[in-house]
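The values are calculated or read from the model by the stated rules, or taken from the named source; none is laboratory data. No experiment lies behind these values; they were computed from the predicted model shown. Note that each Cβ is placed from the backbone with ideal geometry, even for glycine, and that neighbours are counted across all protein chains shown.
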Amino acid sequence: GQQVMQIPQYQHVQEGEDFTTYCNSSTTLSNIQWYKQRPGGHPVFLIQLVKSGEVKKQKRLTFQFGEAKKNSSLHITATQTTDVGTYFCAETSGTYKYIFGTGTRLKVLA
Amino acid sequence: DAGITQSPRYKITETGRQVTLMCHQTWSHSYMFWYRQDLGHGLRLIYYSAAADITDKGEVPDGYVVSRSKTENFPLTLESATRSQTSVYFCASAKGVNQPQHFGDGTRLSIL
């Protein structure tokens, strides 16, 4: 069935360093969504990518969708302690059955 | 998000008991979902619903039952709780296909 692999599973960075998480699929994705979950909280929607090669930015966050629509990345520039949490990608492949990646847990050391 | 609420927030019960987790949304979203979250597994879809009276199984439906008689409510029932169902359960809703999901605050369920 559908499977979305997310790497790395954990990442510890010093405050101010950059961070990237990757989402990979063996099948072509119709779209990809990214969510952030703070410790003890619930997932919160960040962004959706639909087009091949699409790049979107939200302040220090840059989201990319691969040209073949089989992978996506989230890059955070100059991390801050407020970036702490788990970042998930999710894909639907045109249905309403969302499949989430296993997430990347980010810890930022001050 | 204030528009989707889950109850209870915390629940402790014993194996073999029936437990119902409630989910209520005020947006009139068509789609609703139940997930469980366990360390190392991320979010796994249990059941989902496209509209009132339309439900379907997700990745891990065994041991769970859902109903959706009204658009705004989507309760999840564990008919005979087992220790392996100890988890954090999230309810979510979405306006339409491929739309962002809005999550409730979750229910932390412990089964002894």
Checklist outcome for this item: Flagged in region A:95-105 as part of a strand (DSSP E or B) and surrounded by fewer than 21 Cβ atoms within 10 Å (Cβ to Cβ), in numbering order, are A:R105
Item to check | Within region A:95-110, tally of residues that are among the charged types (D, E, K, R) and either more than 11 Å from A:Q11 (Cβ to Cβ) or within 14 Å of another protein chain (Cβ to nearest Cβ) (or both) | outcome: 2
Checklist entry - Which residues, counting only those in region A:5-46, are at pLDDT below 95, among the polar types (S, T, N, Q) and exposed (fewer than 15 other Cβ atoms within 10 Å of the Cβ)? => result A:Q9, A:S26, A:T27, A:T28, A:S30
Next on the checklist: Any residue that is among the hydroxyl-bearing types (S, T, Y) and either on the phi > 0 side of the Ramachandran plot or more than 10 Å from the chain's Cα centre (by Cα) (or both) - is there at least one of those in region A:85-92?
Outcome noted: yes
Checklist entry - Can you tell me which residues in region B:50-88 are within 14 Å of chain A (Cβ to nearest Cβ), within 17 Å of B:T26 (Cα to Cα) and at pLDDT below 95? => result B:A50, B:A51
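Among residues belonging to region A:33-56 that are part of a strand (DSSP E or B) and among the hydrophobic types (A, V, I, L, M, F, W, C), point out the one that is nearest to the other protein chains (Cβ to nearest Cβ). Walk me through it before giving the result.
Narrowing region A:33-56 to residues part of a strand (DSSP E or B): A:33-37, A:43-49, A:55-56.
Still in the running and among the hydrophobic types (A, V, I, L, M, F, W, C): A:34, A:44-47, A:49, A:55.
Numbers: A:W34: 10, A:V44: 7, A:F45: 4, A:L46: 9, A:I47: 9, A:L49: 11, A:V55: 19 Å.
Result: A:F45.
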Item to check | Tabulated pairs, region B:97-112, first closer than 18 Å to B:T77 by Cα and more than 7 Å from chain A (Cβ to nearest Cβ), second of a type in the set (S, T, N, Q) and assigned to a strand (DSSP E or B), C-beta under 8 angstrom, 6+ apart or interchain | outcome: B:T107/B:Q6; B:T107/B:S7; B:L109/B:T13; B:L109/B:S87; B:S110/B:T13; B:I111/B:T13; B:L112/B:T13
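Please give the strands (runs of 3 or more DSSP E) falling wholly within region B:1-71 in which 2 or more residues are of a type in the set (S, T, Y). Explain how you work it out, then say what you get.
Values: elements: B:4-7, B:10-13, B:19-25, B:31-38, B:42-51, B:54-57, B:64-66.
In region B:1-71, the matching strands (runs of 3 or more DSSP E) lie at B:4-7, B:10-13, B:31-38, B:42-51.
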Item to check | Within region A:57-94, tally of residues that are surrounded by 15 or more Cβ atoms within 10 Å (Cβ to Cβ) and within 14 Å of chain B (Cβ to nearest Cβ) | outcome: 12
Item to check | In region B:22-43, the residues that are within 14 Å of chain A (Cβ to nearest Cβ) and within 16 Å of B:L78 (Cα to Cα) | outcome: B:C23, B:F33, B:W34, B:Y35, B:R36, B:Q37
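Let me confirm something: among B:S87, B:S93, which residue is surrounded by 19 or more Cβ atoms within 10 Å (Cβ to Cβ), touching a His at 6+ places or on another chain (Cβ under 8 Å) and of a type in the set (S, T, N, Q)? Reasoning before the result, please.
Details: B:S87 fails: touching a His at 6+ places or on another chain (Cβ under 8 Å).
Just one listed residue meets the conditions, B:S93.
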